[in-house]
1. Quick check on the exposure proxy: order 66, 253, 159 from fewest to most C-beta atoms within 10 angstrom.
2. What do you get for Rg/Rh over region 230-339 if you use C-alpha atoms and the Kirkwood form of Rh?
3. Counting other Cβ atoms within 10 Å, keep those with at most 10, restrict to DSSP loop, and tell me which GluC sites (Glu not before Pro) in region 251-294 are left.
4. If packing is taken as the average number of other Cβ atoms within 10 Å across a peptide's residues, how do 70-76, 290-296, 10-16 rank, most packed first?
5. Using the structure shown, select from 40/87; 87/184; 135/303; 103/197 the pairs with a Cα to Cα distance greater than 18 angstrom.
6. Go from 0 up to the bin containing the longest alpha carbon distance in region 91-210, width 5 Å each, and give me the % of pairs per bin.
7. Please report Rg (one decimal) and Dmax (integer) in Å for the Cα set of region 84-330.
8. Of 246, 210, 93, which is the most mobile in a GNM of the chain whose springs link Cα atoms less than 10 angstrom apart?
Amino acid sequence: MPTQDQVMQSLEGLLVPAVKRSIVGLNMVREVTISDKRVKVTLASTGLIIGAQDWIKNKAKEAIEILPEVNEAEVVFAEAKPADLNKVEHIIAVMSGKGGVGKSLIASLTAVSLKRKGYDVGILDADITGPSIPKMFGIDTRPGGSESGILPVLSRSGIEIMSINLLLPSEDDAVIWRGPLIGKTIAQFWEEVLWGKLDYLIVDLPPGTADAPLTVLQTLPVSGIIIVFTPQDLTTMVVRKAVNMARQMGKHILGVIENMSYLYVPEIDKKIEIFGRSRGEEMAHAAAAPLLGQLPIDPELAKLCDEGNIERYDAEMITKLGESLSQTASTSSGKDKND
């Protein structure tokens, strides 16, 4: 007689057509019953149109029936809300006190670095009026789904992404909304999107300390915050406001990242601090958190972002960021991927 683990393994390779992710990874397998060489599996119908349900049902039956000692397989669907299926270990918000410091870039690179370490990762683009995540990943596919839930779009490397830009008729359309509507949309991206099982969900916050960041910190169970800044004195002053907001909200600051820290000129083997001296250690001290990295001004990175190929960027800083962040996040939550 097959075991429940064997049944789950047989379903691992069954991908949901609209998102290209396993029904197991999306946490859609709700119940497995095994009795007298008969297997019954209950799947969530969340986000699936009728045609997709029929296809998944047939494929699931085929996968189960080839298991040893299985004479019959039955697959049924049950309704479930996305919020009931989502199981995210760490929700990390990327925050800054002002715009233009590369917050979306850091959010994207953070997701890429964690994905390269073997984690299941998603990005929730909460910057509703200035979404740039899809452009950097080269994604223009509309999310799939149904009335029961929205399915995120998968990047080339397998990062789940949800952004308002993926729902607009054109990526150039402006989102001219007031605060309450923006806040409602952010809440929907968390509650009505089927993220499934993720090790990390990276949330790209809009700049500032007003309605939208407040909505995220109050609505989502954020486990930690990354503060992004650039070396200018004005920027660091404003970023301190974000640090104070995080503290007042009782959110743990995982670390700080200095963007545009310097420009490396290989011809003379020299780092030039274009925007002034580094304030990395200063900001780390102010935030009482580690300095996770200092990202240089890199024309190659800018080129890859413009081309939608940020996942191709390869730098030592990216490797170190993934290592530092996973260690810091696991320590702060008392959990580790291998536990």
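Read-outs: derived from the displayed coordinates by stated rules, not from any lab. Owing to the predicted nature of the structure, the values given are computational and were not obtained by experimental measurement. Cβ atoms come from the backbone with ideal geometry, glycine included; neighbour counts cover every protein chain shown.
1. Placing the least packed residue first, the sequence is 66, 253, 159.
2. That ratio equals 1.01.
3. For GluC sites (Glu not before Pro) across region 251-294 that sit outside H, G, I, E and B with at most 10 neighbouring Cβ atoms in 10 Å, the list reads 267.
4. Highest-to-lowest ranking by the protection proxy: 290-296, 10-16, 70-76.
5. Over 18 Å apart, Cα to Cα: 40/87; 87/184; 103/197.
6. Calculated over all Cα pairs of region 91-210, the distribution is 2, 11, 23, 26, 22, 11, 4, 1 percent.
7. 17.1, 59
8. Greatest mean-square fluctuation among the candidates belongs to 210.
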